[in-house]
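Taken together, the values in this text are just the output of simple stated rules run on the coordinates, not laboratory data. The structure displayed is predicted, hence computed values, not measured ones. Glycine also receives a Cβ, built like all others from the backbone with ideal geometry; neighbour counts cover every protein chain displayed.
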């Protein structure tokens, strides 16, 4: 979520204000949890949020946004679907080919692997299009992204 993380959040108060504005009608826990879950890098000097590229709070904001907007929501959906006995599959895509390293792997980055693009700045470094397309087509046609049982391919 680094593409959506503000590069001008410099203090713990800025960080908390950002999330208090993002979440409509925050409860006392909503206000307290981000500070507990994502420690201030200016206080926790050995934590994962230290060394942000854009601002002192950029990495911290990115981790929190990723969890709030995608990771936790996706996990909640997966849990509820599995409780209803529905098969659940999740894709973890972490290949950075054409994005600035400081921006990480943005949402929908995998779309460049769903069709063949020419090499160059708009192409992909590892165009294993058939691999990702195989997972997608197996899921659509057979209900399971691993149904094709391709050799030497992770499930």
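Miscellaneous remarks
- Gain on full stretching of the segment that runs from residue 21 to residue 73 - 0.36 nm per residue minus C-alpha separation: 16.8 nm
- Peptides ranked, highest mean first, by Cβ atoms within 10 Å: ranges 83-91, 139-147: 139-147, 83-91
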